[in-house]
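Asker: So that we are looking at the same thing, I have put the structure below in C-alpha cells.
The values are calculated or read from the model by the stated rules, or taken from the named source; none is laboratory data. This one's a predicted model, so the numbers in the text were calculated from it and none came from an experiment. A quick note on method: Cβ atoms are made from the backbone with ideal geometry, for glycine too, and the neighbour counts reach across all protein chains shown. Keep in mind that these areas ignore ligands, DNA and RNA; they rest on the heavy atoms of the full protein, side chains included. Shrake-Rupley method; radii C 1.70, N 1.55, O 1.52, S 1.80 Å.
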Amino acid sequence: MTSPPEARIGDATLGKAADENFPVAPFFLPRAWRDDLMAVYGFARLVDDIGDGDLAPGGADARHLGLELEQSDDRLAMLDAFEADLHRVFASTGDEPRHPLLRNLRPTVRRRALTPEPFLGLIEANRQDQKIRRYGTYAELAAYCELSANPVGRLVLALTGTTSPERVRRSDAVCTALQIVEHVQDVAEDLARDRIYLPAEDMERFRVTETDLAAPTAGASVRALIAYEAQRASDLLDEGPPLVGSVDGRLKLLLAGFVGGGRSALTAISAAGFDVLPGPPKPTKPSLLREVGIVLRRARGER
C-alpha cells in the first residue's frame, strides 16, 4: 500500500537520522522517549535542510508552509514561513500547524511542556547561515553553536525531565563539540556551499588559505589546522562523562551515545591523517561502541 504524500515527506526527513554521528533515538529507550526525540529531530533536520537547500524536489515543503512553488528556493522566505508555523505549534488557539512534521511535534511540545526558545534558536542559526559565511574568531563560531547546536542538548534534557544548570552547562559543551566535529568533517562540502566554519584567526595561524581548502587532498598546514580543531572538540567532549554520570538508567546510555559518537568521529578523522578534503571521515559501528564503553567507564569514575 502506498503511503500518503504527507507521510513520505516526513519519512524522507526522519530517515536521515541514520546518517548522524550518534544514535538519535536508539531502540533501548522507552517508546514515548523515542517518539518525542524523533519529533524533535524531524524539526531540527527539516530546518537544516531548508537552510542548506536540501529539501526534496517538487516544492511540497513550501506548499505545506503556505508558499508558492517558486518560493521553495528562497531560503529566508522558507525559514520565515517555518517560524510562523512553529508559533502555531505553541499556540493554544487558532489553526493547527501546516507542515506534517510540525503537526507531529505539537503533542511532544504539550506533553513535555517545551518552550519555543530552543526551536527558535535553531531557525535563527539557519538564517545566520544565509547571511554569514565566514567566522573571524572562535568566539564568533561558539556564538553560532549556541544557536545551531546547544538547543538540541537542552531539548533532550527537557524531554527527559533532567534539566539543571550544571547539566545544561555540560550539555552545551558537548553539543558545541559535536557541531565542531561536523564542521571539521564537512570542510569540503561546506566550501562547495561557500561556507567556512574554520575560524579565520586559526586559518591565519596555520597559514591556510581558502585555496588550500579547495584542494583534492590536504597539505601539511591544513592537516595541522584540522588536528587543532579536532583537539578543541575533544577538550569540550571531556564535559561528557560528568554529564553522563549525573543521570541514571537509559538516559545514561543515550547521552553516552552522543558523546561516544563525537569521540568515534574524531577517531575517524585522526585515522584519515586529518585529511578531510576528499570527503568526511565516518566512524565505524565498532568504534562507536568502543567509545561509548569508554565514556560509561569514565562516567562511573565521575560519580
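Asker: Restricting the first residue to segment 252-274 and requiring it to be at negative phi and in contact (Cβ under 8 Å) with a residue 40 or more places away in the chain, which pairs with a second residue that is among the polar types (S, T, N, Q) and crowded, with 24+ Cβ neighbours inside 10 Å meet a Cβ separation below 7 Å and a spacing of at least six or different chains?
Answerer: ALA265/GLN185; ILE269/GLN185
The rows are residues; the columns are (1) over 15 Å from the mean Cα position of the chain (by Cα); (2) open to solvent by less than 30 Å² (accessible area, probe 1.4 Å).
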position: PRO97; (1), (2): yes, yes
position: ARG111; (1), (2): yes, no
position: PRO116; (1), (2): yes, no
position: ASP129; (1), (2): no, yes
position: ALA139; (1), (2): yes, no
position: LEU147; (1), (2): no, no
position: THR162; (1), (2): yes, yes
position: PRO165; (1), (2): yes, no
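Asker: Take ARG250 and tell me if it is at pLDDT 95 or above and either basic (Lys, Arg) or touching a His at 6+ places or on another chain (Cβ under 7 Å) (or both).
Answerer: No: the conditions fail for ARG250.
Asker: Before we move on, is SER92 open to solvent by less than 40 Å² (accessible area, probe 1.4 Å), modelled with pLDDT under 95, among the polar types (S, T, N, Q) and over 22 Å from the mean Cα position of the chain (by Cα)?
Answerer: Values: open to solvent by less than 40 Å² (accessible area, probe 1.4 Å): no; modelled with pLDDT under 95: yes; among the polar types (S, T, N, Q): yes; over 22 Å from the mean Cα position of the chain (by Cα): yes.
Criteria not met by SER92.
Asker: If you don't mind, there's one more thing I want to ask. Taking the condition open to solvent by less than 60 Å² (accessible area, probe 1.4 Å), at pLDDT 95 or above, of a type in the set (A, V, I, L, M) and within 23 Å of ASN150 (Cα to Cα), does VAL295 pass? Lay out the reasoning, then the answer.
Answerer: Values: open to solvent by less than 60 Å² (accessible area, probe 1.4 Å): yes; at pLDDT 95 or above: yes; of a type in the set (A, V, I, L, M): yes; within 23 Å of ASN150 (Cα to Cα): yes.
The answer is yes for VAL295.
Asker: Please tell me if ASP35 is surrounded by fewer than 18 Cβ atoms within 10 Å (Cβ to Cβ) and either more than 19 Å from VAL156 (Cβ to Cβ) or modelled with pLDDT of 95 or more (or both). Step through it out loud before you land on a result.
Answerer: Details: surrounded by fewer than 18 Cβ atoms within 10 Å (Cβ to Cβ): yes; either more than 19 Å from VAL156 (Cβ to Cβ) or modelled with pLDDT of 95 or more (or both): no.
Taking the combined requirement at face value, the residue does not satisfy it.
Asker: A further question on this structure: May I ask you to list pairs of residues, at least six apart or on different chains, whose Cβ atoms are under 8 Å apart, with the first in segment 33-47 being touching a residue at least 12 places away in the same chain (Cβ under 8 Å) and on the phi > 0 side of the Ramachandran plot and the second being of a type outside the set (A, V, I, L, M) and not in a helix (DSSP H, G or I)?
Answerer: none
Asker: Taking segment 244-276 only, how many residues are within 29 Å of LEU213 (Cα to Cα) and open to solvent by less than 10 Å² (accessible area, probe 1.4 Å)? Show your work before the answer.
Answerer: First, the residues of segment 244-276 that are within 29 Å of LEU213 (Cα to Cα): 258-276.
Then keep just the ones that are open to solvent by less than 10 Å² (accessible area, probe 1.4 Å); that gives 259-262, 264-265, 269, 276.
Residues meeting the conditions: 8.
Asker: Still on this structure: Among the residues in segment 196-217, are any farther than 19 Å from ARG133 by Cβ, of a type in the set (Lys, Arg), at pLDDT 95 or above and outside any helix (DSSP H, G or I)? Break it down stepwise before answering.
Answerer: Residues of segment 196-217 that are farther than 19 Å from ARG133 by Cβ, as a first pass: 205-207, 215-217.
Next cut, of a type in the set (Lys, Arg) only: 205, 207.
Then keep just the ones that are at pLDDT 95 or above; that gives 205, 207.
From the residues that got through so far, the ones that are outside any helix (DSSP H, G or I) too are 207.
Yes, segment 196-217 has at least one match.
Asker: Give just the number: which of (1) within 20 Å of GLU201 (Cα to Cα); (2) open to solvent by less than 40 Å² (accessible area, probe 1.4 Å); (3) out of contact with any Leu (no Cβ under 9 Å at 6 or more places or on another chain) does SER234 not satisfy?
Answerer: Exception for SER234: condition (3).
Asker: Only one of these conditions is not met by LEU225: (1) open to solvent by less than 40 Å² (accessible area, probe 1.4 Å); (2) without any contact (Cβ under 8 Å) to a residue 40 or more places away in the chain; (3) under 20 Å from the mean Cα position of the chain (by Cα). Which number is it?
Answerer: Answer for LEU225: the failing condition is (3).
Asker: I'd like to verify a number: residues in segment 228-253 that are over 15 Å from GLY293 (Cα atoms) and not in a helix (DSSP H, G or I), how many?
Answerer: The number of residues fulfilling the criteria is 4.
Asker: Then there is this: Quick one: is THR217 in contact with a helix residue (DSSP H, G or I) (Cβ under 6 Å, 6 or more places away or on another chain) and either surrounded by fewer than 23 Cβ atoms within 10 Å (Cβ to Cβ) or closer than 25 Å to ARG298 by Cα (or both)? Working first, answer last.
Answerer: Values: in contact with a helix residue (DSSP H, G or I) (Cβ under 6 Å, 6 or more places away or on another chain): no; either surrounded by fewer than 23 Cβ atoms within 10 Å (Cβ to Cβ) or closer than 25 Å to ARG298 by Cα (or both): yes.
In short, no.
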